[in-house]
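Participant: This is the structure, below, for whatever I ask next.
No value in this document is a laboratory result; all are computed from the given coordinates. Computed from a predicted structure; not experimentally measured. Virtual Cβ from ideal backbone geometry, glycine too; neighbours counted across all protein chains shown.
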Amino acid sequence: MEVPKIYLDNCSLNRPFDNQSQMKIRLETEAKLYIQDCVRAGIYSLCWSFALDYENGKNPFEDKRNSIAPWKEIASDYCPRSEAIRLRGREIMKLGIKELDALHIACAIEKHCDYFITTDKGVLNKNIKGIKAINPIDFVREMEELP
């Protein structure tokens, strides 16, 4: 069986730094950490992108930036900036998705990711052609149901 290729967006990567007093956030955090453990174990393949570099680099909190940055080296694929990504991002924005989110999605599609993992409801509620956008909890649930 082929290893599923995933793209963790910036909001999912930052989930452990959010206020953990809500159960949903705590569960998403645990699911995200579990997914990253699976990436380390070779169960999933992680894709990184210039958009993640940009967004993480803009994070004003050094501890958060430094915690997320090493995942670029762990990732097995990288999506650089390109005109094709910019154009695909513009098309995705027509669904009502913000520009940076659209670029993340365009990168994931360009690199043939199977899943775009996010906690962003604005993305999860859209029908995006070319990739399955999924919450970390639902991703773990779906993967554990596979034979």
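Participant: With only Lys, Arg, Asp and Glu charged, each at its Cβ (+1 for the first two, -1 for the last two), find how big the charge dipole of the stretch 5-145 is about the Cα centre; round to the nearest 20 debye.
Facilitator: Charge dipole, the stretch 5-145, about its Cα centre: 400 debye, nearest 20.
Participant: Same structure again: Roughly how big is the stretch 83-147's charge dipole about its Cα centre, with Cβ charges of +1 (Lys, Arg) and -1 (Asp, Glu), in debye to the nearest 20?
Facilitator: The dipole magnitude comes to about 340 debye.
Participant: At 222 nm, what helix-only mean residue ellipticity would the chain give, in deg cm²/dmol to the nearest 500, using -39500 (n - 2.57) for each DSSP H run of four or more? Write out the running numbers ahead of the final one.
Facilitator: On the way: 9 runs with 78 residues, N = 147.
Computed ellipticity for the chain at 222 nm equals -14500 deg cm²/dmol.
Participant: Before anything else, pin down the relative contact order of the chain: Cα pairs under 8 Å, at least 6 apart, normalised by residue count, whole percent.
Facilitator: Worked out over the chain, it gives 30 percent.
Participant: Just name one of 82, 59, 14: the one whose Cα is farthest towards the positive end of the charge dipole of the stretch 1-143 (beta-carbon charges, Lys/Arg +1, Asp/Glu -1).
Facilitator: 82
Participant: Can you flag which of 64/126; 24/126; 24/111; 24/58; 32/121; 24/129 are past 23 Å Cα-Cα?
Facilitator: On the way: 64/126 28 Å; 24/126 20 Å; 24/111 30 Å; 24/58 26 Å; 32/121 16 Å; 24/129 27 Å.
Too far apart for the 23 Å limit: 64/126; 24/111; 24/58; 24/129.
Participant: Rank these for me by crowding, 8, 46, going from fewest to most other beta carbons within 10 Å.
Facilitator: Details: 8 31, 46 21.
Exposure proxy ranking, most exposed first: 46, 8.
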